[in-house]
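Beneath this line is the structure, given in structure tokens, with notes to follow.
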Amino acid sequence: MAPAAGPDYSGLTVYQNGEFVAWDEARVHVFEPLVKYGAGAFEGARGYWNAEAGQLNLFRLDAHMARLELTQRIMGFAEIVSGEAMAEATLELMRRNGFREAVHVRQMAYVSGWGGSGATGPIGTSIVAVPRGSSPLVERGCRAQISSWRRIADAAMPARAKSTANYGNARLASVQAARDGYEASLMLTGHGKVSEGEGMCVFLLRDGIAITPSVTSDILESITRDAVIHLLREDLDIEVVEREVDRSEFHAATEVFFCGTAWEVTPVNSIDGAPIGAGVPGPLTRRLQAAFFDLVHGRTPDRRGWLTPV
Ligand SMILES: Cc1ncc(COP(=O)(O)O)c(C=O)c1O
């Protein structure tokens, strides 16, 4: 087997099909529908390490597991792997790996066997967790591009489903952004309204009101987006509006930021080279980041029950 590029994860334990196995033993065959057709439902969650308390907390594990079930239903899987079972396996995997640092967790249910594009089973499962901290873009902010690729439409490839195949669309936008010298991409819907980034949702601040594309704008129903809406409304006293967004509104915005499990809360400093506000992370974005990181690390009370201690 040719070695995979990147960090050495060989000491980690992985969950696959009900068993905990060594990293190198977790496999799918190249002929499985997961590989051939992207027939996978997956989640990406984060665990945050609170060094003071010596505690690892998973952020919104239940919400991620509920979405994993929804994706499987949308994809027509013959058997729906329960979120509860995957949550339990996730916690056991955390304990077995003994993480004492921030982690990224990827749970997956996928079509296994040798079927064609319409195969609905048998369903395989896997959970992988690797150490991962925040991107430097969280502090510095990023340069975003509005991609010439459009976001996939619900009537063709529902973005609401977190399916492996959907990331072909994200990939096109990411490749274009990197080629053109940007750090992030934003896609428009087929109707030309703002949708979301390759792996994150977007908010803009206009006249003191936070605006974000609605869940019918061909976005993934992001769990971080939902958390951010709660934080803005309930903790920072900012009005939030979910609606269709025009790209020209970015020119009227004083702040723009991305959010998502991977992107956390990342300021957008410019779009297509045009600065947002002063071209540096804005004050509301900074306040939101502080509230978000205090919450996920368990430094502020978890009033909403969003943290699952390992
Ligand atoms: C396309 C897309 N949009 C938004 C998000 C953010 O969703 P969440 O906050 O649930 O991670 C993700 C995943 O992280 C994504 O892949």
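Against the main long axis of the alpha-carbon atoms of the chain, helix 61-74 sits at an angle near 80°.
The Cα-based radius of gyration of the chain, divided by its Kirkwood radius, gives an Rg/Rh of 0.96. Any idea what diffusion coefficient segment 1-106 gets from Stokes-Einstein, in µm²/s, Kirkwood Rh on alpha carbon pairs, 4 °C, 1.567 mPa s? Once the numbers are plugged in, D ends up at 84 µm²/s. Other residues lying with their Cβ under 10 Å from the Cβ of GLU196 contribute a combined charge of 0, Lys and Arg counting +1, Asp and Glu -1.
Legend: P(r) of segment 64-172 from all alpha carbon pair distances, 10 Å bins from 0, whole percents, reading 12, 33, 34, 19, 2. Each peptide in 199-205, 38-44, 28-34, 274-280 gets a packing score, the mean of other Cβ atoms within 10 Å over its residues, and the list from highest to lowest is 199-205, 38-44, 28-34, 274-280. Can you give the translational diffusion coefficient of segment 198-310 in µm²/s, computed by Stokes-Einstein from the Kirkwood radius over Cα pairs at 37 °C and 0.692 mPa s? For these conditions, the coefficient is 228 µm²/s. So what's the back-of-envelope 222 nm ellipticity for the chain, counting only DSSP H runs of four-plus at -39500 (n - 2.57) apiece and dividing by all residues, rounded to 500? Computed mean residue ellipticity for the chain: -7000 deg cm²/dmol. When peptides 159-172, 212-225, 6-19 are ranked by their average number of other Cβ atoms within 10 Å per residue, the highest-first order is 212-225, 159-172, 6-19. Taking a sphere under 12 Å around the Cβ of ALA156 and counting the other residues whose Cβ falls inside, with K and R at +1 and D and E at -1, yields a net charge of 0. Need one number: the % of Cα-Cα pairs in segment 136-236 sitting beyond the 23 Å mark. Result for the distance tail: 27 percent.
All other residues whose Cβ lies under 14 angstrom from that of GLY83 are scored, Lys and Arg at +1 and Asp and Glu at -1, for a net of -2. Put simply, when 135-145, 185-195 are sorted by average Cβ atoms within 10 angstrom per residue, most first, you get 185-195, 135-145.
Throughout, read-outs are computed from the coordinates displayed, never taken from laboratory work. All figures in this text were calculated on a predicted structure; none of them were measured in a lab. As a convention, Cβ positions derive from the backbone with ideal geometry for all residues, glycine included, and neighbour counts pool all protein chains shown.
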